[in-house]
């Protein structure tokens, strides 16, 4: 996570809510004290920090923007869990999650991780409904943002875990085919991550992931030019930062939306040559990244739409 002083966290959160120092500090500390805290001239006591953050709808946990797990092996297991999710290997993810449960602590952030992880695995293994899937994510985000659903998050300084949860909530709405709601949530997250509690690499990963999903949702509401623009923006970022795992999805999104425009007569038929080139790139990148599910999906599309036999 980003390395912020407590005063930075208080100041960023206060400004995101558009409240004054006078409003925040009332009956907690003097305005002068709050000003010194926000400028780094004074460190707040634990009680003062808790009260200020609680007034702004944050949890009573000093390092809420950081993972509380100190065991390196647990952190490695969490990373492995996320890797399996990206590869759509949900049974393996469930096995790792069961191992994590035995070693995980009881902090709010541990609980938040656990709710999110169980929710993803149970839904993808068809153990819960879409409604339960959405409710689980909303329960998890409410642990650190109690006023979720009441306040706007466009200017809220999210941490990486909260941004991931909001992305999951967006996907849950998309699963319900409420694409407009899914788009609204991700657009809100995109605004929020500009002043988020994240390191640059985390911010960029989240930005590219959001662009990939936004491109998909905009395509499904037939805003194909917008979808292509967003996907190409994501591709440029992936090239700049050498991110490979999201590239196949972005390349495929460009293709699918251009195919729709070709069918509508907006783009000329010979654009298909460009589409096939994008698909070839997506297929081989997915192969290098060991994304067998994505690779097979793209292979099937190439065979059915372009009559290309990749087995030859």
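Things worth noting here:
- Comparing 154, 292, 45 in a Gaussian network model of the chain where C-alpha atoms under 10 Å apart are linked, the largest mean-square fluctuation is found at 45.
- Principal-axis tilt of helix 90-103 within the chain, Cα atoms, nearest 10 degrees: 20 degrees
- Computed over the range 82-202, the range of Cα coordinates on each principal axis works out to 37, 32, 27 Å, biggest value leading.
- Between 0 and 90 degrees, the angle of helix 160-175 with respect to the longest Cα principal axis of the chain falls at about 50 degrees.
- Extension gain (nm, one decimal) between residue 261 and residue 303, 0.36 nm per residue minus Cα-Cα: 13.1 nm
- Each peptide among 115-125, 237-247 gets the average number of other Cβ atoms lying within 10 Å of its residues, and from highest to lowest they stand as 115-125, 237-247.
- Gain in span if fully extended, residue 125 to residue 241, counting 0.36 nm per residue against the direct Cα distance: 38.5 nm
- Equivalent ellipsoid dimensions for the range 224-312 as semi-axes, Å, which come from the Cα gyration tensor, largest first: 20, 18, 9
- Against the main long axis of the alpha-carbon atoms of the chain, helix 200-220 sits at an angle near 50°.
- Exposure proxy ranking for 20, 13, based on other Cβ atoms within 10 angstrom of each Cβ and starting from the fewest, stands as 20, 13.
- Mean projected area of the Cα convex hull of the chain, taken over all directions, amounts to 18.0 nm².
- Kirkwood hydrodynamic radius (C-alpha pairs) into Stokes-Einstein, the range 164-312, 37 °C and 0.692 mPa s, D in µm²/s: 206 µm²/s
- Spread of Cα-to-Cα distances over 5 Å intervals beginning at zero, given as percent, for the range 6-55: 4, 24, 40, 28, 4
- Two-decimal log10 I(q)/I(0) for the range 103-142, as the Debye equation yields it once each C-alpha is a single scatterer, q = 0.30 Å⁻¹: -0.95
Every read-out reported here was derived from the displayed coordinates using simple, explicitly stated rules and does not represent laboratory data. No experiment lies behind these values; they were computed from the predicted model shown. Counting neighbours? That spans all protein chains shown, and the Cβs are built from the backbone with ideal geometry, glycine included.
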